[in-house]
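The values are calculated or read from the model by the stated rules, or taken from the named source; none is laboratory data. Note that the structure is predicted; figures quoted are calculated from it, not measured. As a convention, Cβ positions derive from the backbone with ideal geometry for all residues, glycine included, and neighbour counts pool all protein chains shown.
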Amino acid sequence: MNKPRIALAIGIICISIFPVLVKLSLVSGVVSAFYRMAFSSLLIIPYVLLFKKFKFPSLKVTLLSVLCGVIFATDVTVWNISIIDSTATQASLLTNLSPVWVGIGAFFFLKDKPKRNFWIGTVVAIIGMILLVGIHVFRNLDFDRAFAFGVLSGVLYAFYMLISKNVLNQLDIWRFMTISITSAAIYLGIVSFFMNEPVIGFSNTSWLILIAMAIICQLLAWLLISYATQNMRATRVSVSLLGQAILASILAWLFLNEEITLQMVLGGLVLLFGIWITFYPTPIGLRVFHKKIVKVKSTK
């Protein structure tokens, strides 16, 4: 089990540096997302063709994979905008509400309904989010674009996870990634064109950062995390991924000089604790209640 754990740890680090790279790239959120997908597709397509790892699946599965690519591309774009407009810390923590939205989606669309721990964790996570952004924001309904896009990123990623879970039951990871990443690149290329986004004329540093995003934060990160998921419990992988928000905050403090207040730290910890509760396997409270009943019976 050491190899999957090492792979998971490296994968989390690869994802954690993404918000810092977005800030340093000095390009728009749409263009940043486009090149992350475009460079990734240019690397993965020759590989799957050379080693004969690609064969088109059924039309239904192909269309669902394309849909996953479009949703994921939109998710990365709005997350990029949230990072640029606010801080890497706030954007990373807000997008980590995605497990909460996954649970809500599972309640309505999947047979495996969320248990009591999910609802308890949801309430705790929302309290953490309120502490993170400040009570005054909710009291005055002062929701700016960065906050809205940070939450929207988590919602979009939740849809991506719910749909991709179904697709990956019918398709191997290499074909799924090839179709979804290529679709994402084409979709974002069209969006960039119609929005008149500049796609050339960047500095050498910006180009290097964009390439690093594709290789490290997209291909390497998700291949390692997928490997870990295949060899470890999914709940453990999911809980471990929550650590990327904290690591991203530390990196932003070190490299971007972003201020981290005590209230933000407290709110972030409460938010992550709430999400952890949603993955906790034992119903909270039942064990203690059961012990008390046993103790009372034993004294009679």
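Observations on the model:
- Residue within segment 62-80 that is aliphatic (A, V, I, L, M) and under 15 Å from residue 214 (Cα atoms) present: yes
- Taking residues in segment 204-220 that are closer than 15 Å to residue 37 by Cβ and in contact (Cβ under 8 Å) with a residue 24 or more places away in the chain, and partners anywhere that are outside any helix (DSSP H, G or I) and not charged (D, E, K, R), the pairs with Cβ atoms closer than 8 Å and at least 6 places apart or on different chains are 210/27; 210/202; 216/17; 217/17.
- Every residue from segment 72-107 that is surrounded by fewer than 24 Cβ atoms within 10 Å (Cβ to Cβ) and aromatic (Phe, Trp, Tyr): 101, 107
- Residue check for residue 173: modelled with pLDDT under 95 and under 21 Å from the mean Cα position of the chain (by Cα): yes
- Criterion (within 30 Å of residue 263 (Cβ to Cβ), out of contact with any Gly (no Cβ under 6 Å at 6 or more places or on another chain), of a type in the set (Phe, Trp, Tyr) and free of Cβ contacts under 8 Å to residues at least 12 places away in the same chain) met by exactly one of 143, 193, 149: 143
- Of residues in segment 109-157 being polar (S, T, N, Q) and not in a loop (DSSP other than H, G, I, E, B), the one modelled with the highest pLDDT: 153
For every residue, the table says whether it meets (1) free of Cβ contacts under 8 Å to residues at least 12 places away in the same chain; (2) within 23 Å of residue 134 (Cβ to Cβ).
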| site | (1), (2) |
| --- | --- |
| 15 | no, no |
| 28 | no, no |
| 52 | yes, no |
| 55 | no, no |
| 78 | no, yes |
| 86 | no, yes |
| 90 | no, yes |
| 95 | no, yes |
| 98 | no, yes |
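- Here residue 157 does not fit the description of being crowded, with 18+ Cβ neighbours inside 10 Å, hydroxyl-bearing (Ser, Thr, Tyr) and within 21 Å of residue 56 (Cβ to Cβ).
- Restricting segment 261-297 to residues that are surrounded by fewer than 10 Cβ atoms within 10 Å (Cβ to Cβ) and assigned to a loop (DSSP other than H, G, I, E, B), the residue that is modelled with the lowest pLDDT: 281
- Those residues of segment 51-87 which are part of a loop (DSSP other than H, G, I, E, B) and either over 23 Å from the mean Cα position of the chain (by Cα) or at positive phi (or both), in sequence order: 51, 52, 53, 54, 55, 56, 57, 58
- Filtered residues of segment 221-260 (kept if at pLDDT 85 or above and within 12 Å of the chain's Cα centre (by Cα)): 221
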